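These notes concern the structure reproduced below.
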Amino acid sequence: MKNLGGVKLPHHKNTADSKTVDFGLPKLIRIPMAQAMGAVPNLYLKKDDKVFVGQKIGSADSFMSAPIHSPVSGDVIDISDYLNPNGSRCKAVTIRPDGEQTLFEEVRPPEITDKASFILAVRESGLTGLGGAAFPTHVKLSFDEKKTPIDTLVINGAECEPYITSDSRCFIEDTEDVLSGIKLCMKYLGIARCVIGIEDNKKEAIALMREKTAADSDIEIKVLPSLYPQGAEKVIIYKTTGRVVMEGQLPSNAGVLVLNVSTVSFISKYCKTGLPLTSKRLTLDGTALTKNRGNYNVLIGTPVAELLEFAGAENVKTLLYGGPMMGVPIYSPEQPVLKSTNAILAFNTDAALTEPIACIRCGTCSRACPLNLLPMRFETAYKVKDTKLLAKLKLPLCMNCGCCSYVCPANRPLTETNLLAKELLRKK
């Protein structure tokens, strides 16, 4: 893992200096139950129910799940089936806000005395990784210190995708909450050291965090080169600690816990207020937007269409949750903002690939791969359905970052082929 590949991308951090503004109440809120990895929460509501801000409206008994809360007070006007971006289906509730934003009577700061109560509080907050992965955070925190002792907390502040600046604004605007969240995690999880990884194109965030941690020897600021995908979990672990997470292992096997900067900031806020995850800071940007590009605090469940109207969207051909490299296409503007949404990007150009030609065996894709894999050989093995070779080539290590497709001079759809090959391997 010495080379680590990666690609230099145009940053397009157009909104880096845009202070976060509250977007306000939408006309309607639509909240799908499936917003995290793991079991889908059961919806507690029925049509015509009255709900309040912070009220739990869905939960599952499974440990690998995160509850859902209402971001508004208002009336339930519909319960329907919802098509998730990944093609699965779940229940969704539509709420008409009453404009009062009445807080649910049970919302109060959690009582935390030890690791168990801290993890329970994080679970009850509904928190999932705010960097975009949507992994239930309490599951990450529930490591067994006897089997996999963790000595280092890595804060992922790389934000290596073009356009997105919401994490950068978190460092700048929520500095005290970032540091408070870090210290809460270190205290209750028994972690001695913290390394904050920030790419070198975020100079204001770096300067501010260095100033605020100057007297704290347990927290180190690690400035990383601006190289995509610097924020990938295994990559940032290696770049901040020099440790390698081996195939089939978790970061805890390397003595590391990785949390996104917005995630630790939210933990601090929740511990102070008891208000669960009901809104997201996100970046609104892209070439199809004619006004109001910036960073906004948006209620979860807000229809993307309202954001597009606000931003004067014209001739939208490509619409994404997240960044242009790993973002998920939004099939309809009526889809809502989700827990995992850190950006809404709208472009007036088509994202379709140029017509591919035959592989020229240049090896560019392999040199760009952050994990030193061989994408061109994955493609060959997939064509003949050779699952043994796919496994031998370490296909499961691929994180679908898109570097191989981005640099391929033959315009081969390598990332898409890797996804298909992974599905083939799973079936076998």
Checklist outcome for this item: Selection from region 158-190 of residues closer than 22 Å to Lys234 by Cβ and either crowded, with 21+ Cβ neighbours inside 10 Å or free of Cβ contacts under 8 Å to residues at least 24 places away in the same chain (or both) yields Ala158, Glu159, Cys160, Glu161, Ile164, Asp167, Ile182, Cys185
Item to check | Condition broken by Lys394, with the remaining ones in (1) without any contact (Cβ under 8 Å) to a residue 60 or more places away in the chain; (2) basic (Lys, Arg); (3) surrounded by fewer than 16 Cβ atoms within 10 Å (Cβ to Cβ) satisfied | outcome: (1)
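Among the residues that make up region 317-325, is at least one of them under 19 Å from the mean Cα position of the chain (by Cα) and small (Gly, Ala, Ser)?
From region 317-325, those under 19 Å from the mean Cα position of the chain (by Cα) are 319-325; that's our starting set.
From what is left, the residues that are small (Gly, Ala, Ser) are 322-323.
Yes: region 317-325 contains one or more residues that are under 19 Å from the mean Cα position of the chain (by Cα) and small (Gly, Ala, Ser).
Within region 111-126, does at least one residue satisfy the condition of being surrounded by fewer than 19 Cβ atoms within 10 Å (Cβ to Cβ), out of contact with any Gly (no Cβ under 6 Å at 6 or more places or on another chain), assigned to a loop (DSSP other than H, G, I, E, B) and in contact (Cβ under 8 Å) with a residue 12 or more places away in the chain? If you could, list the steps in order and put the result at the bottom.
We begin by selecting, within region 111-126, every residue surrounded by fewer than 19 Cβ atoms within 10 Å (Cβ to Cβ); these are 111-117, 120, 124.
Now drop any that are not out of contact with any Gly (no Cβ under 6 Å at 6 or more places or on another chain), which leaves 111-117, 120, 124.
Subset that is assigned to a loop (DSSP other than H, G, I, E, B): 111-114.
Filter once more, so that each one left must be in contact (Cβ under 8 Å) with a residue 12 or more places away in the chain: 112, 114.
Yes.
Wholly within region 293-374, which strands (runs of 3 or more DSSP E) include no fewer than the required count, namely at least 1 residues that are over 15 Å from Lys280 (Cβ atoms) and modelled with pLDDT of 95 or more? Spell out the reasoning first.
Numbers: elements: 294-299, 318-321, 343-347.
The qualifying strands (runs of 3 or more DSSP E) are 318-321, 343-347.
Residue-wise test of (1) over 24 Å from Thr128 (Cα atoms); (2) β-branched (Val, Ile, Thr); (3) not in a strand (DSSP E or B).
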{"position": "Lys13", "(1), (2), (3)": "yes, no, yes"}
{"position": "Asp48", "(1), (2), (3)": "yes, no, yes"}
{"position": "Asp81", "(1), (2), (3)": "no, no, no"}
{"position": "Pro85", "(1), (2), (3)": "no, no, yes"}
Item to check | Close pairs (7 angstrom Cβ cut-off, 6 or more residues apart or separate chains): aromatic (Phe, Trp, Tyr) in region 19-43, surrounded by fewer than 22 Cβ atoms within 10 Å (Cβ to Cβ) anywhere | outcome: Phe23/Asn297
Item to check | Identity of the residue in region 397-423, farther than 19 Å from Val7 by Cβ and crowded, with 16+ Cβ neighbours inside 10 Å, that ends up farthest from the chain's Cα centre (by Cα) | outcome: Ala421
Checklist entry - Applying the selection to region 237-272, what residues are closer than 20 Å to Cys160 by Cβ and within 15 Å of the chain's Cα centre (by Cα)? => result Val258, Leu259, Asn260, Val261, Ser262, Thr263, Val264, Ser265
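Quick one: is Lys2 of a type in the set (Lys, Arg), surrounded by fewer than 18 Cβ atoms within 10 Å (Cβ to Cβ) and at pLDDT 95 or above? If you could, list the steps in order and put the result at the bottom.
Working: of a type in the set (Lys, Arg): yes; surrounded by fewer than 18 Cβ atoms within 10 Å (Cβ to Cβ): yes; at pLDDT 95 or above: no.
No.
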Checklist entry - Within region 50-79, can you find the residues that are part of a strand (DSSP E or B) and either among the small types (Gly, Ala, Ser) or within 22 Å of Gly274 (Cα to Cα) (or both)? => result Lys50, Val51, Val53, Lys56, Ile57, Gly58, Ser59, Ile68, His69, Gly74
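So which residues in region 278-297 are in contact with a helix residue (DSSP H, G or I) (Cβ under 7 Å, 6 or more places away or on another chain) and closer than 21 Å to Glu159 by Cα? Outline the logic, then answer.
Taking region 278-297 and keeping what is in contact with a helix residue (DSSP H, G or I) (Cβ under 7 Å, 6 or more places away or on another chain), we get 281-284, 292, 295.
Hits for region 278-297 are Arg281, Leu282, Thr283, Leu284, Asn295.
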Checklist outcome for this item: For region 268-279, pairs from a residue that is over 18 Å from Thr113 (Cβ atoms) to a residue that is aliphatic (A, V, I, L, M) and not in a strand (DSSP E or B), with Cβ under 7 Å and 6 or more apart or across chains, are Leu275/Val107; Leu277/Leu127; Thr278/Ile300; Ser279/Ile300
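State which residue is modelled with the lowest pLDDT when the search covers only region 31-43 and only residues that are touching a Ser or Thr at 6+ places or on another chain (Cβ under 6 Å) and surrounded by fewer than 20 Cβ atoms within 10 Å (Cβ to Cβ). Step through it out loud before you land on a result.
Within region 31-43, the subset touching a Ser or Thr at 6+ places or on another chain (Cβ under 6 Å) is 36, 38-39, 41.
In the following step, the residues that additionally are surrounded by fewer than 20 Cβ atoms within 10 Å (Cβ to Cβ) were identified as 38-39.
Working: Gly38: 89, Ala39: 92.
Step by step, filter region 31-43, then rank; the result is Gly38.
The values are calculated or read from the model by the stated rules, or taken from the named source; none is laboratory data. None of these values were measured; they are calculated from a predicted model. Please note: Cβ atoms are built from the backbone with ideal geometry, for glycine as well, and neighbour counts cover all protein chains shown.
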